[in-house]
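Report on one structure; see the data block that follows.
The values are calculated or read from the model by the stated rules, or taken from the named source; none is laboratory data. This structure is a prediction, so every number in the text was calculated from the model and none was measured. Note that we place each Cβ from the backbone using ideal geometry, even for glycine, and neighbour counts take in every protein chain shown. Calculation scope for accessible area: heavy atoms of the full protein, side chains included, ligands and nucleic acids excluded. Shrake-Rupley method; radii C 1.70, N 1.55, O 1.52, S 1.80 Å.
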Amino acid sequence: VAYIIAVGDILEMAKIPFMQYLGRKGAIIGFFFVIMLPLSLLDSVNDLRFTSFLGVMSIFYLVVAACVHSLTTISQRGTEVFSSSLASHDDGQGTMMSSIEGPLLALPVILFSYTCQTNVFSVYSELARPNPMRMSKVSWRSV
């Protein structure tokens, strides 16, 4: 559900022409029926390998884009970008103030890991010759 809501938010910010006719709720419903429903009706997890590959490549693209953006910003502004952001969290004694920002940044990773653990048994059962060593390889490759 959270992914569908996030997609609705992203489509709303993207200013796509059909969004003015559908609205946010219409886009969310359309995304669910056009993309999510067909993917959820597949017989096995193995059928999602190409979709998973697309997802991994999208994440890779975002990482590369973030690195390029960071390097561009550093080359334009220099390293004072880091010192100014650290100074905003300084408590005056040279130590970082504790904040809620760290746990909030870690929460999506923890929740994603928690929700993915339910898929382990179905992936294990779909292995050609299921055994712990093969499952270990699959786990390491997926990370």
Study note, to complete from the structure: Exception for Val45 within (1) open to solvent by less than 70 Å² (accessible area, probe 1.4 Å); (2) touching a helix residue (DSSP H, G or I) at 6+ places or on another chain (Cβ under 8 Å); (3) free of Cβ contacts under 8 Å to residues at least 60 places away in the same chain falls at (3)
Check your understanding: Since Met97 meets every condition but one in (1) more than 20 Å from Ile5 (Cα to Cα); (2) surrounded by 10 or more Cβ atoms within 10 Å (Cβ to Cβ); (3) of a type in the set (A, V, I, L, M, F, W, C); (4) modelled with pLDDT of 80 or more, which condition does it not meet?
Key -> (4)
Check your understanding: Do we find a residue being modelled with pLDDT of 80 or more and part of a helix (DSSP H, G or I) anywhere in segment 105-124?
Key -> yes
Check your understanding: Is segment 18-25 home to any residue that is at pLDDT 70 or above, open to solvent by 70 Å² or more (accessible area, probe 1.4 Å) and outside any helix (DSSP H, G or I)?
Key -> yes
**Study point:** Set Gly30, Gly23: member being at positive phi and free of Cβ contacts under 8 Å to residues at least 60 places away in the same chain
**Key:** Gly23
